[in-house]
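Notes for the one structure printed next.
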Amino acid sequence: MGRPSRFIPEFKRDAVDLVLSSGRPVNDVARELGVGNETLRNWVNKRRRRAEVDGQVQASPADKDAEIARLRAQVAELQQEKLVLRKAAAY
């Protein structure tokens, strides 16, 4: 059996949340928190694997921005179609 971890689970969770939510490189966050790069990378990878198994896919901030842009374009197109149909119904 390995030695006990010197980091409490709450610290690990918060560190991984910081990496995933900020979009910053693992190395920067690890340096800031005083944790080894590979240690934090292992925590992040473990969380991502668990999320994939659970069916919870974490989207990166860039993916979220792209999805928002796509949805806004779709809304604008639907509003135009609605306007055309209203004008056609008036005849």
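Brief remarks follow.
- The modelled label-to-label distance between residue 79 and residue 45, using points 7 Å beyond Cα along the C-beta direction, is 4.6 nm.
- Each 5 Å bin from zero holds the following percent of Cα-Cα pairs in the stretch 12-91: 3, 13, 16, 14, 12, 8, 7, 6, 6, 5, 4, 3, 2, 1, 0.
- In order along the stretch 47-53, the Karplus-derived 3J(HN,Hα) couplings, from 6.51 cos²θ - 1.76 cosθ + 1.60 at θ = phi - 60°, round to 5, 5, 5, 5, 5, 5, 5 Hz, and Gly and Pro are given as x.
- Here residue 87 is the anchor, and no lysines lie within straight C-alpha reach of less than 20 Å, apart from those fewer than 8 places off in the same chain.
- Accessible area (Å², 1.4 Å probe, nearest 10) - residue 18: 50
- Virtual spin-label span in nm between residue 24 and residue 52, 7 Å along Cα→Cβ: 2.6
The values are calculated or read from the model by the stated rules, or taken from the named source; none is laboratory data. Values in this document were obtained by computation on a predicted structure and should not be read as measured data. Counting neighbours? That spans all protein chains shown, and the Cβs are built from the backbone with ideal geometry, glycine included. Ligands, DNA and RNA are stripped out before the accessible areas are found, and what is left, the full protein with its side chains, is counted by its heavy atoms. Shrake-Rupley method; radii C 1.70, N 1.55, O 1.52, S 1.80 Å.
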